[in-house]
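*Asks:* Below you'll find the structure I mean.
The values are calculated or read from the model by the stated rules, or taken from the named source; none is laboratory data. Please read all numbers here as calculations on a predicted model, not as lab measurements. Heads up, the Cβs are rebuilt from the backbone with ideal geometry, glycines too, and the neighbour counts pull from every protein chain shown.
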Amino acid sequence: MLDLLIKSAKLISIPNLVDVAVKDGRIVEISPVIIGEATRVIEARGRLVSPPFTDPHFHMDATLSLGLPRINRSGTLLEGIALWGELKSLLTVEDVMERALRYCDLAVSQGLLAIRSHVDVCDDRLIAAQALIEVRKRVAPYIDLQLVAFPQDGLYRDPKAEANLIKALDLGLTVVGGIPHFERTMQDGTRSVIRLCEIAEKRGLTVDLHCDESDDPMSRHIETLASETVRLGLQGRTVGSHCTSMHSMDNYYASKLLPLIAEAGVHIISNPLINITLQGRSDSYPRRRGLTRVAELRAAGVNVAFGQDCTMDPWYSLGSADMLEVAHMGIHAVPMTSREAMAWAFESVTTNGAKAMGLPDPTLTVGGPASMVLLQARDPIEAVRMKATRIAVIRNGKIISETTPRLASLFLPGRPQMLDPANFAPLTED
């Protein structure tokens, strides 16, 4: 007896429809037709079954805090940081946990089962770190939650930042974070990258830096990160998040920088919703889009992933834990509208995000974990285009969320029918 059998599913890597059999939390068979009984049978009806969504860049300590203690009136990165500084002293463990757990519930309903959250450690109480360590324990059965020790106020700008960062790592945070472009000088920013990489190397940890989240083309800390990655043997264990200054760099310098990033094996995370909102605020016209050079990084062989970054917090008043919304914005903002690039946008919020987080490849294979999402779409491009309904979210063989497919009932003269809005093709529903 199988635990779960998904019939007539479309998998990204297989051209024809297949059945997927699950037993004891693993995929035991993928075949055109599987004969056998199962405790639960799901009729996919040709819809897409994909790996779960991943968010390699988020701020869970601030999520759902919109309006506390006030609204970001200018909509800028710097006012958001200042506003967060006002809120930080008011935080309690209970408040951070309550908001984070609500967000995790929303994430599960969206098929988002792996999140890397930056956690501000520029607070002697380490309230956010304590709260999110407890949240990580509670959500472990259904979300892989990674926690980054993030000195929001700057490793050297805040005199206690390094001590607090070390303390947070000792408490159980597992990734070393930083924000070199927010230090007082470029020199201090460079020093912070070097120091943070050395801490990670000594402890055997990953580095994930907010790198050059700026419109200033001279903010070039990603170059130092790539160099330190090679010097310390951290290839594959370093991440440059945002890297928005690259949109303002001259092409000659970028032509030197891109191969250095690729050589070092640095992962790059772009956050389309927030980057296109916060950047270019001082521009009149023409106004910069604010994203890093996604297409050029891809062409250089760099692993690029998209992140959510913020949901209803001092920096961004929208957001919904929907990584398809993130991919959708990425397609428009980069822009990238070839069929290949749009299909890649789906990978950017599934397999690429997992790679940037150092997680196992989530591609659905026999013998692999039975963690997957059934989407109301026929292929990845349609899933992004329609921000497809997550019909079923499955974690290690267990269904942890279900949503009724979105259908339109049409009452047109001579043409009454049920339409699936995703593909505009009539469906026969039980």
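*Asks:* Pull out all pairs, ordered by first then second residue, where Cβ-Cβ is under 6 Å, the residues are six or more apart or on different chains, the first lies in region 293-308 and is crowded, with 23+ Cβ neighbours inside 10 Å, and the second is part of a helix (DSSP H, G or I) and polar (S, T, N, Q).
*Replies:* From residues that are crowded, with 23+ Cβ neighbours inside 10 Å, the pairs are 305/348; 305/352; 306/348.
*Asks:* Here is a follow-up. Can you find a residue in region 216-227 that is without any contact (Cβ under 8 Å) to a residue 24 or more places away in the chain and over 30 Å from residue 287 (Cα atoms)?
*Replies:* Looking through region 216-227, none of the residues is without any contact (Cβ under 8 Å) to a residue 24 or more places away in the chain and over 30 Å from residue 287 (Cα atoms).
Residues are listed down the side, and each one gets a yes or a no for (1) over 26 Å from residue 361 (Cα atoms); (2) at pLDDT 95 or above:
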{"position": "21", "(1), (2)": "no, yes"}
{"position": "27", "(1), (2)": "no, yes"}
{"position": "48", "(1), (2)": "no, yes"}
{"position": "60", "(1), (2)": "no, yes"}
{"position": "66", "(1), (2)": "yes, yes"}
{"position": "75", "(1), (2)": "yes, no"}
{"position": "78", "(1), (2)": "yes, no"}
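*Asks:* Quick one: how many residues across region 111-126 are surrounded by fewer than 23 Cβ atoms within 10 Å (Cβ to Cβ) and aliphatic (A, V, I, L, M)?
*Replies:* Looking only at that region, the number is 2.
*Asks:* Which of the residues that make up region 65-81 are surrounded by 20 or more Cβ atoms within 10 Å (Cβ to Cβ) and in contact with a helix residue (DSSP H, G or I) (Cβ under 7 Å, 6 or more places away or on another chain)?
*Replies:* 65, 72, 77, listed by residue number.
*Asks:* Residues in region 340-357: is at least one assigned by TED's automatic domain parsing to the domain that holds residue 59, in contact with a helix residue (DSSP H, G or I) (Cβ under 6 Å, 6 or more places away or on another chain), surrounded by fewer than 24 Cβ atoms within 10 Å (Cβ to Cβ) and in a loop (DSSP other than H, G, I, E, B)?
*Replies:* Looking through region 340-357, none of the residues is assigned by TED's automatic domain parsing to the domain that holds residue 59, in contact with a helix residue (DSSP H, G or I) (Cβ under 6 Å, 6 or more places away or on another chain), surrounded by fewer than 24 Cβ atoms within 10 Å (Cβ to Cβ) and in a loop (DSSP other than H, G, I, E, B).
*Asks:* Could you identify the single residue in 200, 163 that is within 19 Å of residue 85 (Cβ to Cβ) and hydrophobic (A, V, I, L, M, F, W, C)?
*Replies:* Result: 163 is the single residue among 200, 163 that is within 19 Å of residue 85 (Cβ to Cβ) and hydrophobic (A, V, I, L, M, F, W, C).
*Asks:* If you don't mind, there's one more thing I want to ask. Of all residues in region 291-317 being outside any helix (DSSP H, G or I), under 21 Å from residue 247 (Cβ atoms) and among the aliphatic types (A, V, I, L, M), which is nearest to the chain's Cα centre (by Cα)?
*Replies:* 305
*Asks:* Restricting attention to region 93-122, which residues are part of a helix (DSSP H, G or I), touching a residue at least 40 places away in the same chain (Cβ under 8 Å) and farther than 20 Å from residue 322 by Cα?
*Replies:* The one that is part of a helix (DSSP H, G or I), touching a residue at least 40 places away in the same chain (Cβ under 8 Å) and farther than 20 Å from residue 322 by Cα: 93.
*Asks:* In contact with an Asp or Glu (Cβ under 8 Å, 6 or more places away or on another chain) and crowded, with 18+ Cβ neighbours inside 10 Å: is that true of residue 135 in this structure?
*Replies:* No.
*Asks:* Is it the case that region 318-339 has a residue that's under 12 Å from the mean Cα position of the chain (by Cα), closer than 27 Å to residue 148 by Cα and of a type in the set (Val, Ile, Thr)?
*Replies:* There is at least one residue in region 318-339 that is under 12 Å from the mean Cα position of the chain (by Cα), closer than 27 Å to residue 148 by Cα and of a type in the set (Val, Ile, Thr).
*Asks:* Also: Can you tell me which residue in region 363-377 is nearest to residue 146 (Cα to Cα), limited to those that are surrounded by 23 or more Cβ atoms within 10 Å (Cβ to Cβ) and either touching a helix residue (DSSP H, G or I) at 6+ places or on another chain (Cβ under 8 Å) or at pLDDT below 95 (or both)?
*Replies:* Top of the filtered list is 375.
*Asks:* Quick check: is even one residue across region 58-78 in a helix (DSSP H, G or I), touching an Asp or Glu at 6+ places or on another chain (Cβ under 8 Å) and under 26 Å from residue 215 (Cβ atoms)?
*Replies:* Yes, region 58-78 contains at least one residue that is in a helix (DSSP H, G or I), touching an Asp or Glu at 6+ places or on another chain (Cβ under 8 Å) and under 26 Å from residue 215 (Cβ atoms).
*Asks:* Next up: Do we find a residue being closer than 24 Å to residue 107 by Cβ and surrounded by fewer than 18 Cβ atoms within 10 Å (Cβ to Cβ) anywhere in region 215-223? Show your work before the answer.
*Replies:* Going through region 215-223, the residues closer than 24 Å to residue 107 by Cβ turn out to be none.
No, the conditions are met nowhere in region 215-223.
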